[in-house]
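First the structure, in the form of structure tokens, and then the observations on it.
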Amino acid sequence: MEIKEIKGNTFCINTGMTYIPFYKINNEEIIMLDSGWAQGERKGIDEILEKNNFKVVGIICTHAHIDHVGNNAYFKKKYNCIIAMPACEALICSSTINLKLFYSSQTLADVLEHYGSMVCVTDVMILNNQNSISIRGVNFKIIHTPGHSPEHICIITPDDVAYLGDSLISYEVMRGAKMPYAYILSQDLLSKLKLCDLECSKYVVAHKGMYEDITKLIGDNIDFYKNRASRIYDVIDRAMTMEEIMNAVTKCFNINVRTKQRYLVIEKMLKSYVEYLNETGVIILNIDNGFLKYSKNPLNIK
């Protein structure tokens, strides 16, 4: 892992998997934007913070996914730092019971095993009408970009650096992604368009990009997600259950599903695309012999 300078007092930790930005208040105290993944990144992040004699006094989280909030509770215990997060995301992380609401297809024991590191106490809940937050006297602008998660936010540092979290994916991710995740794809696409209004000097994408202009990236992201939805539409060749669509999509996209956990993750990703196709009216959902089945809408064939 290494620290990369972005602009002014805004830096980021390059974990190899993600960019985790932080803002230096002084030579010792920092405010992190997200905290990273516990299983794969905690040791390296911990070491690089200690090596530079940094003390985490605050963490502002873009959203409640395990690779973004996985070290919240750990750093809070170690540094007694303030944790700020969008209110809905904070509630998701407040207990394993609430996590179960979000990961509804998994047992409580599975949720604890795979996502237990997400549970943390949030000190400051960011409301959906709130456009800024101050931590230790440092003011950060907030841009609300729901879709990838229920209340995903982007964060702009005092150096005019916009941390976009997972509201966009980088070209590196696009080259390898088979079916990138969105909680509600229709909202995610609207949030991507909203980013066109930003005029910042630097932009950081969590996985894993740094840009001075994101105009083309926004358009390419929208095209990429819509292309994936279109490919899923193409495999629906009759009235099909979600499981039948899942089987067809994993074959079409050449996705290996060898474990129960992998199946549940891919199923969660797929559902957002199927729901998007249903919302936009190109497929319809009906009861067929006691089963819910999706089929192409004969009144709206693409």
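Details
- Protein accessible area in the chain, 1.4 Å probe - carbon and sulfur %: 51 percent
- Formal net charge of residues neighbouring residue 151 (Cβ-Cβ distance under 15 Å; K, R +1; D, E -1): -3
- Stretch gain in nm, segment residue 300-residue 123, where the contour uses 0.36 nm per residue and the Cα spacing is subtracted: 58.9 nm
- Contour minus Cα-Cα distance for residue 96 and residue 222 (0.36 nm per residue): 42.0 nm
- Cα-Cα pairs of the range 81-127 separated by more than 17 Å (percent): 32 percent
- Principal axis analysis of the Cα atoms in the chain yields extents of 65, 43, 34 Å, listed in decreasing size.
- Using only Cα coordinates, the Kirkwood hydrodynamic radius of the range 5-89 works out to 12.7 Å.
- Computed accessible area, residue 181, all protein chains, 1.4 angstrom probe, square angstrom: 40 Å²
- Looking at the chain, the accessible area is 46 square angstrom per residue; that uses a 1.4 Å probe and ignores ligands, DNA and RNA.
- Exposed loop sites here mean GluC sites (Glu not before Pro) with a DSSP loop assignment and at most 16 other beta-carbon atoms within 10 Å; the chain contains its longest site-free run at 29-198.
- The convex hull drawn around the Cα atoms of the range 147-302, when projected onto a plane and averaged over every direction, covers 10.3 nm².
- Toward the positive end of the charge dipole of the range 14-168, with +1 on the Cβ of Lys and Arg and -1 on the Cβ of Asp and Glu, the farthest Cα among 148, 103, 79 is that of 79.
The values are calculated or read from the model by the stated rules, or taken from the named source; none is laboratory data. These numbers were taken from a predicted model, which means no experiment stands behind them. Because the Cβ atoms are built from the backbone with ideal geometry, glycine has one as well, and the counts that use them run over all protein chains shown. To get the accessible areas, we keep the full protein, side chains included, count just its heavy atoms, and leave off ligands, DNA and RNA. Shrake-Rupley method; radii C 1.70, N 1.55, O 1.52, S 1.80 Å.
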